[in-house]
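To start, the structure itself, in structure tokens.
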2 protein chains.
Amino acid sequence: MSITPHANGRQVSDPVAEQVGWSDVDVRAVDTVRTLAADAVQKTGNGHPGTAISLAPAAYLLYQKVMRHDPADPHWLGRDRFVLSAGHSSLTQYIQLYYAGLLELGDIEALRTWGSKTPGHPEVHHTAGVDLTTGPLGSGVATAVGMAMAQRRQRGLFDPEAAPGESIFDHDVYCIAGDGCMMEGVASEASSLAATQRLGNLTLIYDQNQISIEDDTDVSFSEDVAARYEAYGWDVRVVEWRTKHGVRDEDYVEDVDALHAAIEEGRKVLDKPTFIVLRTVIAWPAPTKQGTGKSHGSALGDDEIKAMKSLLGFDPDQTFDVSDEVLAHVRKVRDRGAELRKGWDQRYEAWRSSHAEAAALLDRVRAHEVPEGYAEAFPTFEPDDKGLATRAASGKVLGALADVLPELWGGSADLAESNNTTMGGQPSFVPEDRQTSEWQGGPYGRTLHFGVRENAMGMIVNGIALEGLTRPYGGTFLVFSDYMRPAVRLAAIQEADSIFVWTHDSIGLGEDGPTHQPIEQLASLRAIPGLDVVRPADANETAHVWQTILTRHGNPTGIALSRQALPILDPSSTSVEQVAKGAYVLVEGSKPTPDVIVMATGSEVSVAIAGAEQLEAQGVATRVVSMPCQEWFAQQDESYREQVLPKAVKARVSIEAGSTMGWRDYVGDAGRVIGIDHFGASADAKTLFTEFGFTPEAVVDAAKASIAESGDPTPGDTAPGYASKDPGFESSAPAERQEGK
Amino acid sequence: MSITPHANGRQVSDPVAEQVGWSDVDVRAVDTVRTLAADAVQKTGNGHPGTAISLAPAAYLLYQKVMRHDPADPHWLGRDRFVLSAGHSSLTQYIQLYYAGLLELGDIEALRTWGSKTPGHPEVHHTAGVDLTTGPLGSGVATAVGMAMAQRRQRGLFDPEAAPGESIFDHDVYCIAGDGCMMEGVASEASSLAATQRLGNLTLIYDQNQISIEDDTDVSFSEDVAARYEAYGWDVRVVEWRTKHGVRDEDYVEDVDALHAAIEEGRKVLDKPTFIVLRTVIAWPAPTKQGTGKSHGSALGDDEIKAMKSLLGFDPDQTFDVSDEVLAHVRKVRDRGAELRKGWDQRYEAWRSSHAEAAALLDRVRAHEVPEGYAEAFPTFEPDDKGLATRAASGKVLGALADVLPELWGGSADLAESNNTTMGGQPSFVPEDRQTSEWQGGPYGRTLHFGVRENAMGMIVNGIALEGLTRPYGGTFLVFSDYMRPAVRLAAIQEADSIFVWTHDSIGLGEDGPTHQPIEQLASLRAIPGLDVVRPADANETAHVWQTILTRHGNPTGIALSRQALPILDPSSTSVEQVAKGAYVLVEGSKPTPDVIVMATGSEVSVAIAGAEQLEAQGVATRVVSMPCQEWFAQQDESYREQVLPKAVKARVSIEAGSTMGWRDYVGDAGRVIGIDHFGASADAKTLFTEFGFTPEAVVDAAKASIAESGDPTPGDTAPGYASKDPGFESSAPAERQEGK
């Protein structure tokens, strides 16, 4: 292997590139971390002290000596990213942020209390200096991989010709993970991909203390993790502070220089991510609880804390005891940050003057703006006999956007052809020559290949979105949104601009059968706070949906798209303004106040229209409402909502080829919900739609039943022909959710 | 390592233990598989022919020469299990089942059509001979691990003293997986645990063809999979039918003896699961599409199929061409099965006579019955000042059942102490001496340690449930049901008796904050067809819930339990019969027809009671309905449901510390839903309940608003004080789902 100096944005004259100095004050500062961690958990009464105590030197090393960061500007573009995948050990990060002046001692004392800046797990947008919300184990590792990928794409987008280490967009990603992270499949998925992607800018420190909540991890975790990471293709280094499992004080050597050397040597390996196994004893040097599960997730207790403080030469009766000397010393990290920043700022200005176009692009993406000519870039689809699957329309939209939005990129979890996620002709992000160990500043392709790894894909998309300079999307089948649900939830919690492309969005996918046919997915995704779930009705709505999403910022979106071809509606019947409102009158009934409103999403909109035509032919004035996004509709003002769904019209039908759950909110007591509350079956889409009752005739029957009921002042019984929730799939009637009354 | 002969239920005189014989008719039969696979996909127009073609010899070897199975009785207790983790290649299994006489040629021709026995992916309970529903990649691998664990526990339960290989309960699990399975995290999780558990009865054949939907897997999957499995601790063997990637005809050696030898040698390693890397060329010997993504998921096309048939010496113009000679030959596998069965039946009878107690237990569990004294085993909890968390009550129930239900076992994904999933004093299932390579027929402990691997846990629990002789449960936090959602869905699709214990079931978990606080989980789990979601209100309801679940059979259940202590209700106010009905009148109002009904689940039931007391004090007759399980309630007849929730009472309030989604079905247009549609926060539970509006006062306000509205003939506007869906968490008012009208 060829190892070349790895500056990656850091000049050799940078202070951090020198050998680590570790003075007596550093030792005292690290020991102070341990006492603070113990005190904070003790004060709150619950939390996770053990890892924060034993990992104090590692975190201190990163924040004080290794990482590029400027505490005066926690959003600095050039900063290294820190990811605490072992998020329960939030004190590991909070105390370093306190040392950096981003938190104060009172914040540490307020750990895990209402309104504090120090919640149980680190939360981005909540605590300055926290770049990622972590807690669900493994998620941090996977998201860190996404951040490292984002860094490479960003440098390719803004500064591709710079030599390695000479771009202002070069930065590194550091991640601390624990045993639990190593057990979670999502970390495995992402770690495998990280090696394929040769992410030399990623350093993962695995705190191997071999203690988790069920105590010794031996009961479930006997693998050789270092060998596994070698099998993935990482640069693997082992730092043994203890040489054997279960070791206690006498054999423990907290060798910070060894850890520092591993980090710095790992950074020199440009074509592989670095995996450092750091063998620690949890809660060391707590005298009786070190190395045990008791120190993992509970307060240590007064006696243990006092004994530890005595051992470390602290006054056992003092709590939250930080000497002026220590504080003055650690806060010097702000000067270090300022110095790092000064050099970077000069290079940034130089880059701006020599890269006017790239600088304009940077300014635009940071402002979350779209470029001139954006709206004109979207295709319009004319009706024809064949129709078009919305997934295919989505693919055409992405292709049309390739030149307009250079910040847009993405791919699929091994379903690119099915998801239509490849922007035509755009190169792959995979390293070009996978056999060469020399990394030459690329590649910068826009097409991502995630492999069959949906959850890692979601986390990686989040990591890219949170790096903030590019706009990522990731695709799979809607049913496999289940696999990536942890990532989708974290996208929502973090208000990340992640876009998830979920095709094959109903039983309409056909022959692949029940394991592949989403039923409950739309409802269960809508239940996630902050996630917009969008299901366009045709090719034109699909274009409008993309046009809308890409102008929005601050929360994730999932787009549900059909596998099967759908009729293309007259382009004049819809507009981006209407779609952006979440629901709109697509077809007006023959009376201003219709006899019945039929609302639908996605592939069922054309079924609703066909049903409405039959109803109108029978003299029933029928309004058809297309409702591509419930969340957007809920954000409209009352008068718009009343305009689309007037309260006076109580006869209502909804039709969606998915769970009925949630639709009662829209149809009311007198309404009828056409949905499917049982698993699908393997057959062609047309047969399934007929067999499971997604037909114009079902719309007609439901509309009549609702009209009959809405005339009845005592609503209640369901109309004949509507079965209750039925687990079998022989039923040819649409299942209706039991009302329970 | 010590390698000893591994008979595992098979006598050396068994025909299958001899060296594999591979006659010309076998070769012809295998080639016939290839033509059938190509024809079936071509006829349907879609499907996955490639792997079924190239893997034909491996599947044929297993079904015809290796596995113990009796086609005359596909449910034979002593059969080896076959898991097609690469479920898209369903023809791999279907054609072998046709050869075994469990399907006929017409079934192969009817592939992927409505009502056929040959759906797109294999489905248990649908096609005789299919033991597992697969399709979502990786799930088969993880579930196979569960089956192998079940086998060991079953032998320990029914026949612990038998020497290895001499018990009728000994059988092996064979699994075929593809590249996609190897990428999925769930397979990684389970494979790591399989090595810790030393599952010598598991053989995983990895069909490494390095082609997936995005063509060459190199774009996302460059790791050394064999080395990874060695790192886990598996017995790893490589069978190279091709020696290099991208090899074509001339270098391909389909060496069946080598595969057979790897399987048989692997079976001799008793203390490790066996991983066989089988390097194949997808769709070999199709002349132009072999080794390409084009053969993976699409019909090959007439020309390609004809060319392949010519190459193989078949008439290119014939389809579904099976010679009488081939059919007669392959159907002899039924005689082989009968012979295997004969020996087993004798040993089974001998076992019954010498193991009367175990035989009675076997009969009971196979009949899905509970023992005498079952109901009496459950504890009753008396009210006290401290109350009890329902998770703690659940732990006490499990402890009480340890002796009564020996078939019950389970554990947690590294949260045993938090989930209270350990039956007091029950030994671990972990091999006792993890350093010894000799496997001596055990261990048989009942406490499972899954590690931090929720999805694998779910799949493993499913595998245990589907083996059928024991009753498994697995626990984690409710919020992490997200991680195991793929497994939960497969449990429901497969109607498996899996039990999921989900504790920390609301914001009431407190300080761990939003990443750990479930919001949308209850609603989104209820949306899964066939899953019963149960949330008991107190310790006694918890006992009743367990008592109910364990008498039920045919679908999975999830139990949501509180972290925080809850008041214990008067035991006489509830009963197992009432709880089993899903909802019941817990507190009757002061009038026979109450002014308002307040319904609640879990920890909010006591809030509802407190609210009702305030309402009654103000003269409002208030009924409190405890609704532990919506699914059970929906199964009751109309008259019972009317009795609990009379249509005439339109003033209704629901309160549940989770998403409001779905509750409109129960409260109707005039009702009020108290829930939370935004993420939580890090603070103590009491603060959160107050800040987020889960208080008796909120119940009172909501009840009054609903009474006011239900008297109004024009329902519509929400009452003042009820905010619309609000992403922030400052709101002190309960969020109410926007009605959209």
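The values are calculated or read from the model by the stated rules, or taken from the named source; none is laboratory data. Just so it is clear, the structure is predicted and the values come from calculations on it, not from any experiment. Cβ placement follows ideal geometry from the backbone for every residue including glycine, while neighbour counts extend to all protein chains displayed. Each accessible area value is taken on the protein alone, full model and side chains, heavy atoms only, with ligands, DNA and RNA left out. Shrake-Rupley method; radii C 1.70, N 1.55, O 1.52, S 1.80 Å.
Of the residues making up the range B:612-619, one or more are away from chain A (no Cβ under 14 Å) and surrounded by 21 or more Cβ atoms within 10 Å (Cβ to Cβ). Within the range A:305-321, is even one residue in contact (Cβ under 8 Å) with a residue 40 or more places away in the chain, in contact with a Leu (Cβ under 7 Å, 6 or more places away or on another chain) and open to solvent by less than 30 Å² (accessible area, probe 1.4 Å)? The answer is yes; a qualifying residue exists.
I need a count of the residues in the range A:408-422 that are touching a residue at least 40 places away in the same chain (Cβ under 8 Å) and open to solvent by 20 Å² or more (accessible area, probe 1.4 Å). Write out each step before concluding.
If we filter the range A:408-422 for residues that are touching a residue at least 40 places away in the same chain (Cβ under 8 Å), which is where we start, we get A:408-413, A:415-416, A:418-421.
Filter once more, keeping what is open to solvent by 20 Å² or more (accessible area, probe 1.4 Å): A:418, A:420.
Residues in the range A:408-422 being touching a residue at least 40 places away in the same chain (Cβ under 8 Å) and open to solvent by 20 Å² or more (accessible area, probe 1.4 Å): 2 in total.
Would you confirm whether any residue within the range B:68-90 is away from chain A (no Cβ under 14 Å), under 21 Å from A:ALA683 (Cβ atoms) and either in contact (Cβ under 8 Å) with a residue 24 or more places away in the chain or within 31 Å of the chain's Cα centre (by Cα) (or both)? For the range B:68-90, residues away from chain A (no Cβ under 14 Å), under 21 Å from A:ALA683 (Cβ atoms) and either in contact (Cβ under 8 Å) with a residue 24 or more places away in the chain or within 31 Å of the chain's Cα centre (by Cα) (or both): absent. Scanning the range B:511-525 for residues that are open to solvent by 10 Å² or more (accessible area, probe 1.4 Å) and closer than 14 Å to A:THR44 by Cβ yields a total of 2. In the range A:636-664, the qualifying residues are those that are surrounded by fewer than 24 Cβ atoms within 10 Å (Cβ to Cβ) and acidic (Asp, Glu), and the one that is farthest from the other protein chains (Cβ to nearest Cβ) is A:ASP637. Among the residues of the range B:323-355, those that are open to solvent by 30 Å² or more (accessible area, probe 1.4 Å) and under 30 Å from the mean Cα position of the chain (by Cα) comprise B:ARG341, B:TYR348. Just the residues that are modelled with pLDDT of 95 or more, more than 17 Å from A:LYS332 (Cα to Cα) and either among the small types (Gly, Ala, Ser) or crowded, with 24+ Cβ neighbours inside 10 Å (or both), please, taken from the range A:1-34. Listed by number, the list holds a single entry, A:ARG34. Selection of the range A:673-704 for residues being open to solvent by less than 20 Å² (accessible area, probe 1.4 Å) and away from chain B (no Cβ under 13 Å) yields A:ILE674, A:GLY693, A:PHE694, A:ALA698, A:VAL699, A:VAL700, A:ALA702, A:ALA703. Filtered by the rule that a residue be farther than 22 Å from B:ASP179 by Cβ and at pLDDT 95 or above, the range B:273-303 gives B:GLY301, B:ASP302, B:ASP303.
Counting only helices (runs of 4 or more DSSP H) that fall entirely inside the range A:38-103 and contain at least 3 residues that are on the phi > 0 side of the Ramachandran plot, no element qualifies.
All of B:ALA162, B:ALA150, B:ALA227 fail the test of being open to solvent by less than 10 Å² (accessible area, probe 1.4 Å) and of a type in the set (A, V, I, L, M, F, W, C), apart from B:ALA150. Of the helices (runs of 4 or more DSSP H) entirely within the range A:155-263, none holds at least 2 residues that are of a type outside the set (Asp, Glu), out of contact with any strand residue (DSSP E or B) (no Cβ under 8 Å at 6 or more places or on another chain) and not assigned by TED's automatic domain parsing to the domain that holds A:HIS48. State all residues of the range A:656-680 that are within 30 Å of the chain's Cα centre (by Cα) and within 14 Å of A:ARG623 (Cβ to Cβ); if no residue qualifies, say none. Across the range A:656-680, the qualifying residue is only A:TYR666.
For the range B:126-159, filtering for residues that are more than 14 Å from the chain's Cα centre (by Cα) and within 16 Å of B:SER90 (Cα to Cα) leaves 5.
Of A:THR421, A:THR390, all but one fail to be under 26 Å from A:ALA657 (Cα atoms) and away from every other protein chain (no Cβ under 14 Å); the exception is A:THR390. Candidates in the range A:487-510 are the residues that are among the charged types (D, E, K, R) and either surrounded by fewer than 24 Cβ atoms within 10 Å (Cβ to Cβ) or more than 12 Å from chain B (Cβ to nearest Cβ) (or both); of these, the one that is farthest from A:PRO628 (Cα to Cα) is A:GLU495. For B:ALA358, the criteria (1) touching an Asp or Glu at 6+ places or on another chain (Cβ under 8 Å); (2) hydrophobic (A, V, I, L, M, F, W, C); (3) open to solvent by 30 Å² or more (accessible area, probe 1.4 Å) hold in every case but one, which is (3). Among the residues of the range A:91-140, those that are in contact (Cβ under 8 Å) with a residue 40 or more places away in the chain and hydrophobic (A, V, I, L, M, F, W, C) comprise A:LEU91, A:ILE95, A:ALA100, A:LEU105, A:ILE108, A:LEU111, A:VAL124, A:ALA128, A:LEU132, A:LEU137. Report yes if B:PRO273 is open to solvent by less than 30 Å² (accessible area, probe 1.4 Å) and under 31 Å from the mean Cα position of the chain (by Cα), otherwise no. Yes. Of the numbered criteria (1) modelled with pLDDT of 95 or more; (2) open to solvent by 10 Å² or more (accessible area, probe 1.4 Å); (3) in contact with a helix residue (DSSP H, G or I) (Cβ under 9 Å, 6 or more places away or on another chain); (4) of a type outside the set (Val, Ile, Thr), the one B:HIS125 fails is (3).
Among the numbered conditions (1) within 12 Å of chain B (Cβ to nearest Cβ); (2) open to solvent by 10 Å² or more (accessible area, probe 1.4 Å); (3) touching a strand residue (DSSP E or B) at 6+ places or on another chain (Cβ under 7 Å); (4) of a type outside the set (S, T, N, Q), the only one that A:ILE707 does not meet is (1).
Could you tell me which residue of the range B:224-237 is farthest from the other protein chains (Cβ to nearest Cβ), considering only residues that are in contact with a helix residue (DSSP H, G or I) (Cβ under 6 Å, 6 or more places away or on another chain) and within 14 Å of B:TYR206 (Cα to Cα)?
B:ARG237
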